[in-house]
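Structure, as structure tokens:
Only the coordinates and a few stated rules stand behind these numbers; no lab work does. Bear in mind the structure is a predicted one, so any value in this text is a computation, not a measurement. Cβ placement follows ideal geometry from the backbone for every residue including glycine, while neighbour counts extend to all protein chains displayed.
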């Protein structure tokens, strides 16, 4: 039996007076709504089960605020890489403790803006519903002063036509709605976000992201803003107490397929089902990965806290506090230890030597001056490439 959901129409191409065609969305959601297939319901059930399991394990995590930093920074890195940013997660994590401006500084700056915008959005949802106003606010945080963003008009919906790929709308791979149609479609999307409907929550998250990308309401930053919107909706919907589920790594891993599924979604013969299956498979994969990550963090934390028993009472207390902060900033130098503890430079260096002896910190590179150190066993939980390189060295 053909999935009924595939018969829903999202919009059609309309020729503009300039000669090119724009994809103009119909009323959203379509009259009669989307009919969800049994196969899609099963995928949603598996995804929501794993999200619930992730929520349970994150509720038990101590020092939640420290751990959250790495989840957010990882998402920021992959989301920015989808848009062409070359900086790695290690570049992004090291940035706050690196004095010199590297050749990748503009790219790292992109990631930093993303982190600030996402943190702002998550915090803002505590007292402001997800709305066009909030979307404009996070876009403003994302693009204001960002070095690699061009003509973004921070926090403002576009006033002219944009397009994806191609030199002009005439040879573009996709041309979003004209400005007037864009505003009408944004209004529909905002109502859909707030509607008390019966759509499964993760299906709704997938529809919101795809519809936002279809509307493409900003001159720049649409992809990153739209991916933030997923995390904000899942958190705001109450599915996760701690916002630790971010799909950018999944989308980066399957980048060509991600673009193709979105392209198929906003087609006159829309493949909504194909997009939603891809989206729910991503939620399940990332939730499962998050569960494994949280388990590894807990085991590592218990192991390294147990090492403190070898230290005197005074040394143990100060070292424990440093380790807690390392969960939020796992790459450090002497200056960071001084800032965290108030120790003298020699005292901070002694702490680093102590943490090296305990096999908690190890040198990052072999600099003669300004040596940085990494909490490698923790950092590698988030960075597969770093873990593989480290294995080869051992």
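Here's the picture: a label point sits 7 Å out from the Cα of residue 356 along the beta-carbon direction, and within region 321-340 the residues with their amide nitrogen under 17 Å of it are 331-338. Computed from Cα atoms, the angle from the helix 132-143 axis to the main principal axis of the chain rounds to 50 degrees. Extending 7 Å from Cα along the Cβ direction at residue 18 and again at residue 39 yields two label points whose distance is 3.9 nm.
Once both axes come from the Cα atoms, what is the angle between helix 255-265 and the longest principal axis of the chain, in degrees from 0 to 90, rounded to 10? Relative to the chain, helix 255-265 is tipped by roughly 30 degrees.
For the chain, the longest principal axis of the alpha carbon atoms and the long axis of helix 345-357 meet at an angle near 80°. The slack in the chain from residue 321 to residue 31, taken as 0.36 nm per residue of separation less the alpha-carbon distance, amounts to 98.7 nm.
In the chain, the calculated helix contribution to ellipticity at 222 nm averages -18500 deg cm²/dmol per residue, counting -39,500 (n - 2.57) for every DSSP H run with n ≥ 4. Taking 297, 14, 286 as the candidate residues, the one with maximal mean-square fluctuation in a Gaussian network model of the chain, Cα springs under 10 Å, is 14. From least to most packed, judged by other beta carbons within 10 angstrom and beginning with the fewest, 235, 139, 151 follow the order 151, 235, 139. Listed by Cβ neighbour count within 10 Å, with the fewest neighbours leading, 50, 311 appear as 311, 50. Mind running the shape call on the chain? Use the C-alpha gyration tensor, a ≥ b ≥ c as the square roots of the eigenvalues: rounded below 1.5 for a/c, prolate if a/b tops b/c, oblate otherwise. Judged from the Cα gyration tensor, the chain comes out prolate (a/c at least 1.5, a/b above b/c). Taking 340, 275, 163 in turn, the Gaussian network model of the chain (Cα-Cα springs below 10 Å) assigns the largest fluctuation to 340. Listed from fewest to most Cβ neighbours within 10 Å, the set 204, 42 follows the order 42, 204. Rounded, prolate or oblate: which fits region 71-222, taking a ≥ b ≥ c as square roots of the Cα gyration tensor eigenvalues, rounded meaning a/c under 1.5, else prolate when a/b beats b/c? Verdict is oblate for region 71-222.
Taking every alpha-carbon pair in region 253-394 and binning the separations at 5 Å intervals from zero gives 2, 8, 15, 16, 14, 10, 8, 7, 6, 6, 4, 3, 1, 0 percent. Pairs of Cα atoms nearer than 8 Å and 6+ residues apart set the relative contact order; for the chain it is 22 percent. Fully extending the segment from residue 86 to residue 385, taken as 0.36 nm per residue of separation minus the present Cα-Cα distance, adds 106.2 nm.
Put a dot 7 Å past the Cα of residue 310, heading toward its Cβ, do the same for residue 298, and the two dots end up 2.6 nm apart. With all projection directions averaged, the alpha carbon convex hull of region 7-46 covers 4.1 nm².
Inter-label distance, residue 344 to residue 116: 3.7 nm, where each label sits 7 Å from its Cα along the C-beta direction. Please work out whether region 166-263 counts as rounded, prolate or oblate from its C-alpha gyration tensor, where a ≥ b ≥ c are the square roots of the eigenvalues and a/c under 1.5 means rounded, while otherwise a/b larger than b/c means prolate and anything else oblate? Taking the square roots of the gyration eigenvalues as a ≥ b ≥ c, region 166-263 is oblate.
If eta is 1.002 mPa s and T is 20 °C, what Stokes-Einstein diffusion coefficient results for region 311-393, Kirkwood Rh from Cα pairs, in µm²/s? D = 161 µm²/s.
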